[in-house]
Amino acid sequence: TTNEEIIALFSPYVHVTEVVNKNGFSFVNTIDPEGSRRAKEALHGALLGGMPCRINNATRKARITNFGGSGPEDIPMNGAGQVDYDQVKDDRGNPATKNLFVAGYGPGTSEQQLKDVFGQHGRIVSVIKKSSFSFVNTSDKSIAVMARAALIGKPLNGGAMRINFAKETGRLGTSFDGGYGGGGSNHYGRYGRS
């Protein structure tokens, strides 16, 4: 089942702002509570992809506040009016790094598109794309902070980007400084340094 099919199913009842696919289910996001109620009543049990829909209300997990979650106005400044990078945190409380976890973009988004979009804010060392999310490695923490502030929530191929800071080396085989997979020379799925 594609996002377009889900949107088409819901569109007679509510304006869909985002579809987020998870393992075997999807979140259909809207800002219209009444339309959401109508869609739930009308579509519960309707066939989608040959299977009956089970529709439940969901609420977003509470975000940690005061951690630079929505844009440049939330970035902490020091007494000299400069960005205090040691105080910057994402909406989950993760400290700023030069690496970004990016999700929420639309289907068909390529590594090159991500490199181009994030590259408008500074040098991108690599992009590692997994199934429904990516890691964007910038050359400097300041670039990651400003790119995140500028791009969080912005649409890319029909989906609103969710962006958080990622560890310098990830648990998913993403060692940014030593090559893909934790130090090997296989560069499949990433852009080399330029």
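The values are calculated or read from the model by the stated rules, or taken from the named source; none is laboratory data. The shown structure was predicted, so the numbers you read here are calculated from the model rather than taken from an experiment. We place every Cβ from the backbone using ideal geometry, glycine too, and count neighbours over all the protein chains shown. Note: areas computed on protein heavy atoms with side chains; ligands, DNA, RNA excluded. Shrake-Rupley method; radii C 1.70, N 1.55, O 1.52, S 1.80 Å.
Of the residues making up the stretch 74-90, those that are in contact (Cβ under 8 Å) with a residue 24 or more places away in the chain, surrounded by fewer than 20 Cβ atoms within 10 Å (Cβ to Cβ) and not β-branched (Val, Ile, Thr) are Asp74, Tyr85, Lys89. If you go through the stretch 91-104 and keep only what is among the small types (Gly, Ala, Ser), in contact with a strand residue (DSSP E or B) (Cβ under 8 Å, 6 or more places away or on another chain) and either over 13 Å from Phe133 (Cα atoms) or open to solvent by 20 Å² or more (accessible area, probe 1.4 Å) (or both), you end up with just Ala96. Taking the criterion of being more than 15 Å from Ala58 (Cα to Cα) and at pLDDT below 85, the residues of the stretch 4-31 that qualify are Asn23, Gly24.
Among the residues of the stretch 7-63, those that are of a type in the set (A, V, I, L, M) and under 21 Å from Gly153 (Cα atoms) comprise Ile7, Val14, Val16, Val19, Val20, Val28, Ile31, Ala58, Ala62. Among the conditions (1) under 18 Å from Pro155 (Cβ atoms); (2) of a type outside the set (A, V, I, L, M, F, W, C); (3) open to solvent by less than 40 Å² (accessible area, probe 1.4 Å), the only one that Pro107 does not satisfy is (3).
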